[in-house]
Amino acid sequence: MEYAVAMDRYLDQAALGGASRRVYRISLAGWAWPLIGQPIPRGPERRGAAPPVVPLALLDDPDAAARLAEAFAARVALAGARTANRELSALRGAAGWWQEQGWIRADPTAGLRHQHPGPLGAPLSAEQVDAILRLPASLREHAMWRVLHDSGAPAAQVLALDADHLDLSRHHARPRASGQPPGPGIEWREGTSQVLRWLLAGRTWGPVFVTERRAPARATVADVCRVTGQARMSYRRAAEIFTALTLPLDPAGRGWTLHQLSAAGRARVPGRV
C-alpha cells in the first residue's frame, strides 16, 4: 500500500466536511516526508505539495517513531504547538484506521504527546520591527504589518477591517454603521495611511486585506471584494506568511508571530490596547 493511496482511502471514509477534509489532507501529506528523512515543505509550497511516493509500510520501520518525533518537534518550533498538535491528531487518527485495515502493524505516534501551547512570545524590539519593515514583502503585508504595529490591535481585528472603515485623512478606523467601533485603538501613523492608499488604489469598500486568489463559492458576501472577486485574508494565512518571512531574522530560527508585532505596538505607546 502506497502512503498517498492509504491517505486517500482514509479520507474517503472519514466523516469530514469539505474544509476539514482539505486541512486533513495537507496535514497527512506532510508526514510522508519525514519517513524518508526529508523536511516537510513550508509555507505556500506545503499547501499544494503532493507527498513523495513511499510505501505505507515505512510506518512500521524501527526508525519511524524517531523520525516522526523529530518532525513533530520541528513543526512545534515553526508553526506552534496548536498547529503541530492538530497535525499529529490527524496522523494518529489515520494510523489507527490503517491498523484496523491490517496495512500497518503498530501506531508509530503512540509515544508522542501533544505539546502545551506556550506563551505567545515577548514583544519585538524596535530594531526587530525595523528589520521586518525592510523585508522584501508585498504591499499588502507591509500595510497590514504597519497597522498592527502602529495600533497594537489584535491581528483578527485588523484583518476584519473593510475599506469603508478607514479614515485615511485622520489615520484611524471609523465606527461601523451600527455605531460600534471595529475595535478600540485602531489608529495608525500618517505614513501608514499612505501605504494603505497605495494598497486600496481608490477602492472604498470591501475587505482591506485580500488573498491572491478568487474567493471560493462558499465565501460570505462581506468577505469578498466585488471588483476582483478575491476573499478576505484569513488570520491563519497572514500568520503563516509572517512567520515564514521573519524566519531568517529570528536568532532562534522559528520566525516571529503577529501577536509579537502588535504587542510591540502596545509597548511603544503605554495604555494602548
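The residue that is farthest from Ala252 (Cα to Cα), among those in the stretch 136-178 that are in a helix (DSSP H, G or I) and acidic (Asp, Glu), is Asp164. Of all the residues in the stretch 24-51, those that are in contact (Cβ under 8 Å) with a residue 40 or more places away in the chain, of a type outside the set (Gly, Ala, Ser) and within 15 Å of Arg86 (Cα to Cα) number 3.
Taken over the stretch 248-260, the criterion of being in a helix (DSSP H, G or I) and more than 14 Å from the chain's Cα centre (by Cα) is satisfied by Pro248, Leu249, Gln260. Every condition in (1) on the phi < 0 side of the Ramachandran plot; (2) buried (at least 21 other Cβ atoms within 10 Å of the Cβ); (3) not charged (D, E, K, R) holds for Pro154 except the one numbered (2). Considering the stretch 28-135, the qualifying helices (runs of 4 or more DSSP H), each wholly inside and each with 3 or more residues that are small (Gly, Ala, Ser), run over 64-79, 81-101. Identify, from the list Trp205, Trp198, the residue that is farther than 20 Å from Thr257 by Cα and assigned to a helix (DSSP H, G or I). When all the criteria are applied, what remains is Trp198.
Across the stretch 6-57, the qualifying residues are those that are in contact with a helix residue (DSSP H, G or I) (Cβ under 6 Å, 6 or more places away or on another chain) and of a type in the set (Ser, Thr, Tyr), and the one among them that is modelled with the highest pLDDT is Tyr10.
Among the residues making up the stretch 81-119, those that are of a type in the set (Gly, Ala, Ser), buried (at least 18 other Cβ atoms within 10 Å of the Cβ) and free of Cβ contacts under 8 Å to residues at least 40 places away in the same chain are Ala84, Ala95.
Listed here are the residues, each with its yes/no results for (1) small (Gly, Ala, Ser); (2) within 17 Å of Ser89 (Cα to Cα); (3) over 21 Å from the mean Cα position of the chain (by Cα).
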| site | (1), (2), (3) |
| --- | --- |
| Leu11 | no, yes, yes |
| Ala14 | yes, yes, yes |
| Tyr24 | no, yes, no |
| Pro62 | no, no, yes |
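With the condition kept exactly as written, say whether any residue in the stretch 224-246 is crowded, with 20+ Cβ neighbours inside 10 Å, of a type in the set (Phe, Trp, Tyr) and over 13 Å from Ala155 (Cα atoms). No; the residues of the stretch 224-246 include none that is crowded, with 20+ Cβ neighbours inside 10 Å, of a type in the set (Phe, Trp, Tyr) and over 13 Å from Ala155 (Cα atoms). Against the conditions (1) at pLDDT 85 or above; (2) under 24 Å from Thr228 (Cα atoms), Pro216 satisfies every one except (1). Taking the criterion of being among the hydrophobic types (A, V, I, L, M, F, W, C) and either in contact with a Pro (Cβ under 6 Å, 6 or more places away or on another chain) or more than 23 Å from Ala110 (Cβ to Cβ) (or both), the residues of the stretch 37-63 that qualify are Ala49, Ala50, Val53, Leu59.
For the stretch 62-74, does any single residue satisfy the condition of being closer than 20 Å to Ala252 by Cβ, of a type outside the set (Asp, Glu), in contact (Cβ under 8 Å) with a residue 24 or more places away in the chain and buried (at least 20 other Cβ atoms within 10 Å of the Cβ)? Among the residues of the stretch 62-74, at least one is closer than 20 Å to Ala252 by Cβ, of a type outside the set (Asp, Glu), in contact (Cβ under 8 Å) with a residue 24 or more places away in the chain and buried (at least 20 other Cβ atoms within 10 Å of the Cβ), which makes the answer yes.
The values are calculated or read from the model by the stated rules, or taken from the named source; none is laboratory data. Owing to the predicted nature of the structure, the values given are computational and were not obtained by experimental measurement. Because the Cβ atoms are built from the backbone with ideal geometry, glycine has one as well, and the counts that use them run over all protein chains shown.
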